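Bear in mind these aren't lab numbers, they're just calculated from the coordinates by the rules spelled out. A quick note: this is a predicted structure, and the numbers were derived from the prediction, not measured. Reconstructed Cβ throughout: ideal geometry from the backbone, glycine too, with neighbour counts over all protein chains shown.
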Amino acid sequence: MIDAATTPDDKTGPTSGGSGALVRHMGLFSLVVYGVGDMVGAGIYGTVGEAAGALGNACWVAFAVSMVAAMLTGVSYASLASRYPKAGGAAYITHRAYRFPFLSYMVGLTVAASGLTSMAAGSNVFSDNLMKFVAVPKWALIVAFLAVLAAINFRGIKESIWTNLLCTGMEVGGLVFVIIVGARFWGSVDYTETASGVPLTSAEGMKLILNGTALTFFAFVGFEDMLNVSEEVNDPVRTMPRGLILSLIVVTALYITISVTAVSVVDSRQLSDAKTYGAPLAQVTNKAAPWLSPWVFTAITLFAVANTALINYIMGSRLLYGMARQGLVPAALGRVHSRRRTPHVAIGVLFVIVLALGLAGGVKQLASATALLLLACFVLVNGALVVLKRRPAEPRGAFEIPVVVPILGMLVCAGLIIGRLLTRNAQGQYEWQAPAIALGLAAGIALLYAVLRPRNIDERTLSAAEGAGASEARPS
């Protein structure tokens, strides 16, 4: 059932109180661009070299298997989006299924933290690359970068969509260019040859595939952010599932094609030696298109990083907006600007936090920790769909899936968590830093919950809050 707060034609106007609903400006195309831009920006530009190091010429297999793993959770998100297109995203769904505010709070702030650390890391990558062009202090570039993103986010979802479209066009265009110039090298290598030479079908080969999958799965992370813009999407009940699935399909096609192209042009061992963001693909163009200026990929990197940061900023601000409506975070974070129709308080708060993280630097381990916690959130969200599908009173969505899909999604994500925990470094030692930081973050969120003591929200109170938001909206 769709209530007044989520009708497809909902348009919002000014309200006297500075709160209310968001405005719907996103159609299917802009939603797909949003999802593709988020995944590609944080994905193939940074992981193709690592994948080649793990699986050699067969690195495309890791991306194919990762797609299946990501699609299980992605389809669960698509089904949930057709049931509950809410800005609170995973936090709302977790609350609806488990009716345990503390769990919803943990999930919501964990997802927000993953976006914040991604933005902070992106601000450092962006400034490092831009310093190749301009002689400006790094701290000034970080401040300017985040201020511009905040201004775009505050200005409105329509302006954010156009910026996202420009950046996604640049980063996807870079990949398409690599594919075009490298296509003449296709078929020059054995695409089943692993880095160690073991057959893919052997026990050791299967282990390599699993290790590669654990590595490349995070190239697909970003589809979950799409759920948080549900209240700014036209006809979200139908558009959200289509957008989620189409985004994953487009990204998978790009990833597999680019990985095949990369190992066709450059030896997989050389690709694995390129550690910096975008460097593996720059190696490909250096050989396949030597006439291309090396600055081109640096420029594309700037667009890719900016796009990922902007999308995470949009996601984080809408997530806090939705959580405020649930009563899980201070109500001020749910305020919407009377003219711009954006959650301006949430945008401002996130700016201060990310600026502090970005200037502090050293967020790589923090990003790894939040990625680990994000997998735990995926387990909970898949489980939430199982609970909701088995609850007789819950309304069905426009996109329903068999209960076995979210169950498999839970198992896959739990397996990836175990795989990360059992990862060893080059010296054969377990990598304990990221899990330790993840536990520390979880403890910090729990402490914050205990201090702030969010009010216990039941379904009745939640419905009343949503109804209030709908009554504040008026046709424009």
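Using 0.36 nm per residue, how much length does the chain from GLN433 to PHE100 gain when fully extended, once their Cα-Cα distance is taken away?
Numbers: separation 333, 0.36 × 333 = 119.88 nm, distance 2.97 nm.
Taking 0.36 nm per residue and subtracting the Cα distance, the gain is 116.9 nm.
The lysine pair tally for the chain, using Cα distances under 19 Å and a gap of 8 or more places or different chains, is 8. How far, in degrees from 0 to 90, does helix 138-155 lean away from the longest principal axis of the Cα atoms of the chain, to the nearest 10? Tilt relative to the chain: about 50 degrees.
One chain, two ends: THR192 and ALA450. Fully extended at 0.36 nm per residue, the span grows by 87.6 nm beyond their Cα-Cα distance. Helix 279-288 and the long axis of the chain differ in direction by around 50°, with both axes built from C-alpha atoms. Of the peptides 175-185, 408-418, the order by per-residue mean of other Cβ atoms within 10 Å, starting with the highest, comes out as 408-418, 175-185. If you plug the beta carbon distance of LEU200 and ALA360 into 1/(1 + (r/R0)^6) with R0 = 35 Å, you get a FRET efficiency near 0.25.
Would you work out the charge dipole size for the chain about its Cα centre, treating the Cβ of every Lys and Arg as +1 and the Cβ of every Asp and Glu as -1, and quote it to the nearest 20 debye?
Working: 34 positive and 25 negative charges, 183 e Å.
The dipole magnitude comes to about 880 debye.
Once you reduce segment 133-147 and segment 169-213 to the center of their Cα atoms, the two points are 36 Å from each other. Taking +1 at the Cβ of each Lys and Arg and -1 at the Cβ of each Asp and Glu, which of VAL172, ALA87, SER268 sits farthest along the dipole of the chain towards its positive end, judged by Cα position relative to the Cα centre? So the residue we want is ALA87. Matching the structure-derived mean projected area of the Cα convex hull in nm² against the labelled list (1) 32.3; (2) 21.7; (3) 22.9 gives the label (2). Computed from Cα atoms, the angle from the helix 236-265 axis to the main principal axis of the chain rounds to 10 degrees. If a spin label sat at a point 7 angstrom from the Cα of SER293 along the line to its beta carbon, the backbone N atoms of segment 129-147 nearer than 14 Å would be those of 132-134. Ranked by the mean number of other Cβ atoms within 10 Å per residue, highest first, peptides 337-348, 87-98 order as 87-98, 337-348. Using a basic spin-label model with each label point 7 Å from the Cα along Cα→Cβ, how many nm lie between ALA331 and TRP139? Rounded to a tenth, the inter-label distance reads 3.9 nm.
Extension gain, ARG339 to VAL68: 0.36 nm times the residue separation minus the Cα-Cα distance gives 93.3 nm. Loop-located trypsin sites (Lys or Arg not before Pro) across segment 345-444 with a Cβ neighbour count of 13 or fewer within 10 Å are ARG396, with loop assigned by DSSP.
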